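Remarks on the structure that follows.
The values are calculated or read from the model by the stated rules, or taken from the named source; none is laboratory data. From a predicted model like this one, the values you see are computed outputs, not experimental measurements. Neighbour counts run over all protein chains shown; Cβ positions are idealised from the backbone, glycine included. Surface areas here come from the heavy atoms of the whole protein model, side chains and all, with no ligands, DNA or RNA. Shrake-Rupley method; radii C 1.70, N 1.55, O 1.52, S 1.80 Å.
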Amino acid sequence: MTTRIDTRFAELAKQGRSAFVTFLMAGDPDPATSLEIIKALPKSGADVIEIGMPFTDPMADGPSIQAAGLRALKAGMTLKKTLELVRGFRKDDDATPIVLMGYYNPIYIYGVDKFLADAKSAGVDGLIIVDLPPEEDDELCLPAMKAGLNFIRLATPTTDDKRLPAVLANTSGFVYYVSITGITGAAAADSTAVSEAVARIKRHTKLPVCVGFGIRTPETARAIASHANGAVVGTALVDALKNSLDAEGRATAKTVNAVAELTAALAQGVKGAQQAAE
């Protein structure tokens with residue numbers, strides 16, 4: 001099985017550069033604007049797109065991403081509409097990998113088999129489900145792999161060498177290394193600590209390692225990308241979106257461009273890491 005994720009990382013490896021991975025919440029600030037923003041990401045330099053599945057109790061997310069999820073839910077976003085969003089994106093783009101990120105509860109309610117079939121047909125490539133540990137692989141991870149989707153696992157600063165093999169056992173696509181202990185957007189990533197952590201993970205796996213949580217500027221993105229196979233930015237993009245909204249939290253003429261412009265600046269940071277390494 002080769003997914004769009006595998007293909008994209010192979011292409012980037014040939015180019016000798018890291019991936020720029022963006023995260024935004026599906027349906028934020030409303031379904032139509034959300035689709036416009038996500039369509040703009042590849043042109044702005046995103047190599048892989050993570051889309052959040054709005055949920056009422058997002059325990060790994062900081063205030064910005066929690067607020068984005070609540071805006072989306074208020075605008076009527078559902079898991080079914082999230083899959084429709086991916087389907088809408090795929091009408092114009094069949095190459096950019098799409099990863100859905102979120103929590104197991106909405107998928108469980110939707111029905112695992114139905115969700116996996118619908119996600120695959122919509123054009124989803126991988127899943128990151130933050131509250132399903134390896135001990136629960138039978139719930140979703142193994143069925144997802146059987147359905148042809150990558151199941152991407154999180155490793156953290158507290159994932160020691162004893163735990164790492166279990167975390168990596170059924171992981172595919174890439175490994176998502178969480179650079180800080182805490183919630184999204186809570187602190188800045190330390191590139192030295194990240195470099196050591198990525199090297200340690202790579203002793204256990206041949207998969208690409210992408211680093212997220214705590215990357216907000218082109219400079220940090222460049223520093224992280226020089227040590228990892230990818231840099232993931234979420235909170236900074238969500239904040240740019242939020243800051244473009246009107247007083248009632250509705251999209252304005254600036255909303256799509258606000259996210260696209262920051263994406264382009266961050267993408268330059270990630271691509272600059274390649275130039276620094278050459």
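Can you tell me which residue is most open to solvent (accessible area, probe 1.4 Å) among those in the stretch 188-218 that are among the hydrophobic types (A, V, I, L, M, F, W, C) and either touching a helix residue (DSSP H, G or I) at 6+ places or on another chain (Cβ under 6 Å) or modelled with pLDDT under 90 (or both)?
Out of the qualifying residues, it is Ala188.
Any idea which of Gly185, Gly173 is at positive phi, buried (at least 19 other Cβ atoms within 10 Å of the Cβ) and modelled with pLDDT of 95 or more?
On the way: Gly185 fails: modelled with pLDDT of 95 or more.
When all the criteria are applied, what remains is Gly173.
From (1) open to solvent by 10 Å² or more (accessible area, probe 1.4 Å); (2) under 19 Å from Ile215 (Cβ atoms); (3) among the acidic types (Asp, Glu), pick out the condition that doesn't hold for Glu50.
(1)
Only one of these is of a type outside the set (Phe, Trp, Tyr) and within 17 Å of the chain's Cα centre (by Cα): Gly111, Gly102, Gly76. Name it.
Gly102
Starting from the stretch 81-98, take each residue that is closer than 10 Å to Arg4 by Cβ and list its partners that are in a loop (DSSP other than H, G, I, E, B), counting only C-beta distances under 6 angstrom and pairs at least six apart or across chains.
If the second residue must be in a loop (DSSP other than H, G, I, E, B), the pairs left are Pro97/Asp125; Ile98/Val124; Ile98/Asp125.
May I ask you to say which residue of Leu85, Leu127 is open to solvent by less than 30 Å² (accessible area, probe 1.4 Å) and part of a helix (DSSP H, G or I)?
Selected residue: Leu85, the only one of Leu85, Leu127 that is open to solvent by less than 30 Å² (accessible area, probe 1.4 Å) and part of a helix (DSSP H, G or I).
Looking only at residues in the stretch 61-77 that are surrounded by 19 or more Cβ atoms within 10 Å (Cβ to Cβ) and either touching a residue at least 60 places away in the same chain (Cβ under 8 Å) or among the basic types (Lys, Arg) (or both), which one is farthest from Phe213 (Cα to Cα)?
Arg71
For the list (1) open to solvent by 20 Å² or more (accessible area, probe 1.4 Å); (2) farther than 24 Å from Thr220 by Cα; (3) polar (S, T, N, Q), I need the number of the one condition that Asn150 fails.
It is condition (1) that Asn150 fails.
Of the residues that sit in the stretch 98-121 and are aliphatic (A, V, I, L, M) and outside any helix (DSSP H, G or I), which one is surrounded by the fewest Cβ atoms within 10 Å (Cβ to Cβ)?
Ile98
Can you pull out every residue in the stretch 196-229 that is acidic (Asp, Glu) and touching a residue at least 12 places away in the same chain (Cβ under 8 Å)?
Taking the stretch 196-229 first, the residues acidic (Asp, Glu) are 196, 219.
Correct list: Glu219 only.
When you look at Ala95, is it in contact with a Pro (Cβ under 9 Å, 6 or more places away or on another chain), at negative phi and part of a helix (DSSP H, G or I), yes or no?
No.
Among the residues of the stretch 219-238, what is the count of those that are crowded, with 19+ Cβ neighbours inside 10 Å and either farther than 22 Å from Gly269 by Cα or among the charged types (D, E, K, R) (or both)?
Of the residues in the stretch 219-238, 1 are crowded, with 19+ Cβ neighbours inside 10 Å and either farther than 22 Å from Gly269 by Cα or among the charged types (D, E, K, R) (or both).
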